[in-house]
Amino acid sequence: EINKALKKPNLIGRAKERVEIGVQWRPPPKGWVKLNTEGSFLGNSGRAGGEFLCASLQERKQGC
């Protein structure tokens, strides 16, 4: 579904069609750990933030 959205032509000056994509988090396979990250910044202010979450099939830990 994501690949379909990315292949749409970029039409300058025209409204883009809204594409909704269902997202669901899935735990990693047994024996694996999943690392999810997120970050943002505020223009040229020098302010930024981020966080991460480690998760296995059995548990989740923030900032592991």
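The values are calculated or read from the model by the stated rules, or taken from the named source; none is laboratory data. Quick caveat: nothing in here was measured; it's all calculated off a predicted structure. FYI the Cβ positions are ideal-geometry reconstructions off the backbone, even for glycines, and counts take in every protein chain you see. These accessible areas exclude ligands, DNA and RNA; they are computed on the full protein's heavy atoms, side chains included. Shrake-Rupley method; radii C 1.70, N 1.55, O 1.52, S 1.80 Å.
Below, the figures for the structure above:
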item	result
Selection within the stretch 35-60 - open to solvent by 90 Å² or more (accessible area, probe 1.4 Å) and under 18 Å from the mean Cα position of the chain (by Cα)	L35, T37, E38, F41, E51, R60
The stretch 37-50 residues that are modelled with pLDDT under 90, paired with ones that are open to solvent by less than 90 Å² (accessible area, probe 1.4 Å) and part of a strand (DSSP E or B) (beta carbon under 6 Å, 6 or more apart)	T37/F52; F41/A48
The stretch 17-34, residues that are open to solvent by 100 Å² or more (accessible area, probe 1.4 Å) and of a type outside the set (V, I, T)	E17, R18, E20, Q24, R26, K30, W32
